[in-house]
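Here the structure comes first, spelled out in structure tokens, and everything after it is commentary.
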Amino acid sequence: MFQCQAGLSQAFSFRALKAAVPGAALALGLAAAPSAHAVEYFLQTATMDTSRTATIVGPGMNAHVYAAPIKFTAFEGTSAVGDSFDIVGFCVDIFHSISLGTINLKYDDTYELTPDSKYTTTPPFAGGATLLSNTQILQVGRLVNYGTLVFNQAPSSNAKKDKLAALQGAIWQVINPTYTVASSNSSVNTLIGQYAGAGYNSLLTGHGHVHSGITFISETGKYGTKSARQSFAFAAVPEPATWALMIGGFAMAGAVLRRSRSQPARIAA
């Protein structure tokens with residue numbers, strides 16, 4: 001029986017976190033301490049492609065799950081108030097579950113992606129979770145960002161579905177190296193191994209520059225506990241002020257380039 005659980009396709013990359021979702025984190029943090037200014041998200045609905053599956057086997061687990069990104073209709077805040085936006089993110093948690101359809105759940109970015117999300121007791125991470133290395137965090141960030149580019153840019157095809165399923169599977173594998181993530185679809189299974197491997201970077205091509213900044217969200221007040229739903233990561237979007245600085249920087253660079261082009265070339269002796 002399939003369940004929309006920690007391994008069940010939950011990859012979400014967002015096309016339009018509205019250039020505007022305030023407070024979106026620009027980079028991965030390395031400490032699991034709460035952020036100073038957490039951004040709250042109300043996830044109203046969840047949809048995903050369920051044509052690809054994977055099996056996750058490891059200590060205490062033998063789960064058959066959907067493998068794909070999950071697309072949320074979301075609001076900033078704690079209820080469906082204001083303008084909605086879509087986020088497509090990847091599940092980074094094999095120890096919990098979530099439903100599809102109307103979910104009406106409250107999430108926030110209080111914590112950083114630093115442990116594997118395993119629960120043991122009511123307090124978050126009371127001796128059960130395994131901390132991730134900087135190398136694991138970097139790889140997950142790049143896979144999430146590349147998956148976002150593929151989701152938004154690649155034309156619809158079976159090859160696209162295979163790639164997105166494999167990226168989701170690889171994310172689970174990288175975060176949980178003592179578990180095995182495999183698919184009965186040979187194309188997906190081969191790609192999972194490649195994206196989870198040491199040479200994954202050479203495969204992240206064809207859709208532009210791939211960075212590693214993500215926003216990690218978990219269910220408000222429940223992260224690291226048995227009652228939590230799955231946690232997700234999506235490609236980070238610069239805040240409005242950051243966009244302004246970037247645009248200003250581009251303008252300055254353009255002005256410098258125009259000035260340099262107007263100057264005669266100089267040859268050093």
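The values are calculated or read from the model by the stated rules, or taken from the named source; none is laboratory data. Remember, it's a predicted structure, so these values are computed and weren't measured experimentally. Here the Cβ positions follow ideal geometry from the backbone for every residue, glycine too, while neighbour counts run over all protein chains shown. Calculation scope for accessible area: heavy atoms of the full protein, side chains included, ligands and nucleic acids excluded. Shrake-Rupley method; radii C 1.70, N 1.55, O 1.52, S 1.80 Å.
Please determine, by comparing only the residues of the stretch 106-159 that are open to solvent by less than 30 Å² (accessible area, probe 1.4 Å) and among the charged types (D, E, K, R), which one is nearest to Gly60 (Cα to Cα). Looking at the filtered set, the residue picked out is Asp116. Residues of the stretch 40-70 being assigned to a strand (DSSP E or B), open to solvent by 10 Å² or more (accessible area, probe 1.4 Å) and in contact with a Lys or Arg (Cβ under 9 Å, 6 or more places away or on another chain), which ones? Of everything in the stretch 40-70, those that are assigned to a strand (DSSP E or B), open to solvent by 10 Å² or more (accessible area, probe 1.4 Å) and in contact with a Lys or Arg (Cβ under 9 Å, 6 or more places away or on another chain) turn out to be Glu40, Phe42, Thr45, Thr47, Met48, Tyr66. None of Ala80, Ala19, Ala24 is modelled with pLDDT under 95, open to solvent by 20 Å² or more (accessible area, probe 1.4 Å) and outside any strand (DSSP E or B) except Ala19. Within the stretch 125-140, the residues that satisfy the criterion of being assigned to a helix (DSSP H, G or I) and among the β-branched types (Val, Ile, Thr) are Thr135, Ile137, Val140. Restricting the first member to the stretch 127-142 and to residues that are in contact (Cβ under 8 Å) with a residue 12 or more places away in the chain and of a type in the set (S, T, N, Q), and the second to residues that are crowded, with 19+ Cβ neighbours inside 10 Å and not in a loop (DSSP other than H, G, I, E, B), the beta-carbon pairs closer than 6 Å and six or more apart or on different chains are Gln136/Val174; Gln139/Val174. I'd like to know if the stretch 219-235 contains one or more residues that are closer than 18 Å to Leu132 by Cα, free of Cβ contacts under 8 Å to residues at least 60 places away in the same chain and buried (at least 20 other Cβ atoms within 10 Å of the Cβ). No: zero hits.
Does Ala182 satisfy being under 18 Å from the mean Cα position of the chain (by Cα) and either modelled with pLDDT under 95 or among the small types (Gly, Ala, Ser) (or both)? It is false that Ala182 is under 18 Å from the mean Cα position of the chain (by Cα) and either modelled with pLDDT under 95 or among the small types (Gly, Ala, Ser) (or both).
Among the residues making up the stretch 31-57, those that are at pLDDT below 95 and more than 19 Å from Glu219 (Cβ to Cβ) are Ala31, Ala36. The set of residues in the stretch 169-196 being closer than 17 Å to Met61 by Cβ, in contact (Cβ under 8 Å) with a residue 60 or more places away in the chain and assigned to a helix (DSSP H, G or I) consists of Gly169, Ile171, Trp172, Ile175, Ile192. Taking the conditions (1) at pLDDT 95 or above; (2) within 16 Å of Trp172 (Cβ to Cβ) in turn, Thr130 satisfies each one other than (1). With respect to the stated conditions, Phe90 fails to be over 15 Å from Gln230 (Cβ atoms), of a type in the set (Phe, Trp, Tyr) and touching a Pro at 6+ places or on another chain (Cβ under 7 Å). Within the stretch 197-214, the residues that satisfy the criterion of being assigned to a loop (DSSP other than H, G, I, E, B), closer than 21 Å to Lys160 by Cβ and among the hydrophobic types (A, V, I, L, M, F, W, C) are Leu204, Val210.
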